[in-house]
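*Asks:* The structure that follows is given in the form of structure tokens.
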Number of protein chains: 2
Amino acid sequence: MLNDEIRELLDKISSQTRRNYNHLLHDLNLHVGQDNLLCKLWREDGLTQVELCNKLNCEAPTVTNMVKALEKKGLIIRRKDYNDKRITRIFLTDAGKDLEAPVNEKWRKQQDRLLTDITLDERMLLRRLLIQMEANLF
Amino acid sequence: MLNDEIRELLDKISSQTRRNYNHLLHDLNLHVGQDNLLCKLWREDGLTQVELCNKLNCEAPTVTNMVKALEKKGLIIRRKDYNDKRITRIFLTDAGKDLEAPVNEKWRKQQDRLLTDITLDERMLLRRLLIQMEANLF
DNA sequence: AAGTTATAGTTAGGTCACTAATATTTTAGA
DNA sequence: TCTAAAATATTAGTGACCTAACTATAACTT
């Protein structure tokens with residue numbers, strides 16, 4: 001059935017995309033997901049963990065563990081907020097900042113590959129449909 | 001940029017879909033991914049682990065662990081192949097068979113929700129684009 | 001027939017997700 | 001003011017993924 005096919009295609013595409021992207025990131029000693037967290041910090045440094053939760057659309061413990069891993073790699077540092085001692089703010093180190101360009105290049109590469117042979121008109125339509133689907137999820 | 005947006009939408013849709021579906025499956029005491037393995041067995045019982053790897057598009061250790069978990073729940077049993085002793089074949093128990101209908105119902109529900117307000121024509125076009133994208137991945 | 005190569009599966013160790021339970025700090029209400 | 005509730009983050013435990021390294025069996029190869 002058509003609907004089943006679409007769901008299966010979506011599953012396949014997302015899992016394979018993740019796998020491929022993970023391979024690309026391996027050269028940079030990063031794991032898929034970590035690049036995403038760094039990406040939020042490149043846009044806005046010093047975010048709290050709760051803010052990261054929201055932006056990454058995942059739960060608090062996931063952020064705790066990812067932050068721990070990235071800190072061990074020396075890409076970020078954690079600093080307690082002075083005014084509210086419950087809050088930990090996450091800051092990029094120089095090493096973390098240096099990854100922005102290479103990660104973006106990998107991302108772009110992956111991106112372009114995915115949309116090969118799809119015209120601009122089709123991409124615009126595709127976006128419209130995906131926006132509708134995303135809205136349906138909530 | 002358009003391409004970025006499409007990738008981000010795909011990521012969001014797939015992760016949220018997974019999350020939602022996982023919640024639905026929770027009622028059946030199943031984890032997302034496990035239903036997929038069972039699904040292959042409903043179509044063809046007694047598959048080997050390698051066959052499951054290929055059909056599920058995942059690695060051997062993943063299957064080993066999933067099979068272990070499903071066996072512990074009493075949904076499948078593992079049986080050594082008589083002719084080739086390297087091979088383990090996986091068979092459904094009655095409990096495993098009984099899950100087919102309820103899981104399909106959850107799947108259908110999730111499906112329909114995702115494609116709400118998308119016309120038949122649009123779905124056909126969407127499928128075409130997704131097939132193209134899937135092909136681009138390899 | 002003996003030794004090499006290929007195949008099937010497991011174990012160990014890692015990451016990304018989740019939930020449930022906990023400690024700590026802050027805020028708000030009686 | 002003092003206590004209850006809310007917010008922030010962590011720990012513990014689980015499962016789906018992965019790679020690398022291993023065991024066991026089967027199939028070639030010379």
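*Asks:* What pairs in A:Lys72/A:Lys97; B:Lys40/B:Lys106; A:Lys12/B:Lys80; A:Lys73/A:Lys97; A:Lys55/B:Lys12; B:Lys40/B:Lys68 have C-alpha atoms more than 20 Å from each other?
*Replies:* With Cα atoms farther than 20 Å apart: A:Lys12/B:Lys80.
*Asks:* Let me know the mean shielding of A:45-52 by other chains, meaning the per-residue number of their Cβ atoms within 10 Å of its Cβ.
*Replies:* That average works out to 0.
*Asks:* For the protein assembly as shown, build the convex hull from the C-alpha positions and give me its volume per residue in Å³.
*Replies:* About 164 Å³ per residue, rounded to a whole number.
*Asks:* OK, next. For peptide B:111-119, what's the mean number of Cβ atoms from other chains within 10 Å of each residue's Cβ?
*Replies:* Rounded to a whole number, the mean comes out at 5.
*Asks:* For the pair B:Asp11/A:Arg123, report the inter-label distance in nm, with labels modelled 7 Å from Cα in the Cβ direction.
*Replies:* 1.7
*Asks:* What does the helix-only formula give at 222 nm for chain B: each DSSP H stretch with n ≥ 4 adding -39500 (n - 2.57), the total divided by the residues, and the result rounded to the nearest 500 deg cm²/dmol?
*Replies:* -21500 deg cm²/dmol
*Asks:* For A:Val103, A:Val63, what's the fewest-to-most ordering of other Cβ within 10 Å of each Cβ?
*Replies:* A:Val103, A:Val63
*Asks:* Determine the shielding of peptide A:10-20 by partner chains: average, over its residues, the number of Cβ atoms on other chains within 10 angstrom of each Cβ.
*Replies:* Whole-number average of other-chain Cβ neighbours for A:10-20 is 6.
*Asks:* Can you name the residue in chain A whose Cβ lies closest to the A-to-B rotation axis, and give that gap in whole Å?
*Replies:* A:Ser14, 2
*Asks:* Another question about this same structure. Please work out the FRET efficiency for the pair B:Ala69 and A:Ala135, using the Cβ-Cβ distance as r and a Förster radius of 35 Å; give the result to the nearest 0.05.
*Replies:* 0.55
*Asks:* While we're on this one: Which whole number of Å³ per residue matches the convex hull of the alpha-carbon atoms in chain B?
*Replies:* Convex hull of Cα atoms, per residue: 143 Å³.
*Asks:* Kindly put B:Leu2, B:Leu56 in sequence by how many other C-beta atoms sit within 10 Å of each C-beta, fewest to most.
*Replies:* B:Leu2, B:Leu56
*Asks:* Hey, another quick one. Pick from A:Asn83, A:Asn36, A:Asn57: which residue has the top mean-square fluctuation in a GNM of chain A where Cα pairs under 10 Å get a spring?
*Replies:* A:Asn83
*Asks:* With the crude spin-label approximation of a point 7 Å out along Cα→Cβ, what separation in nm comes out for B:Glu44 versus B:Ile77?
*Replies:* 2.3
Read-outs throughout are calculated quantities, based only on the coordinates presented, and are distinct from any laboratory measurement. The structure displayed is predicted, hence computed values, not measured ones. Positions of Cβ are backbone-derived with ideal geometry, glycine not excepted, and every protein chain shown enters the neighbour counts.
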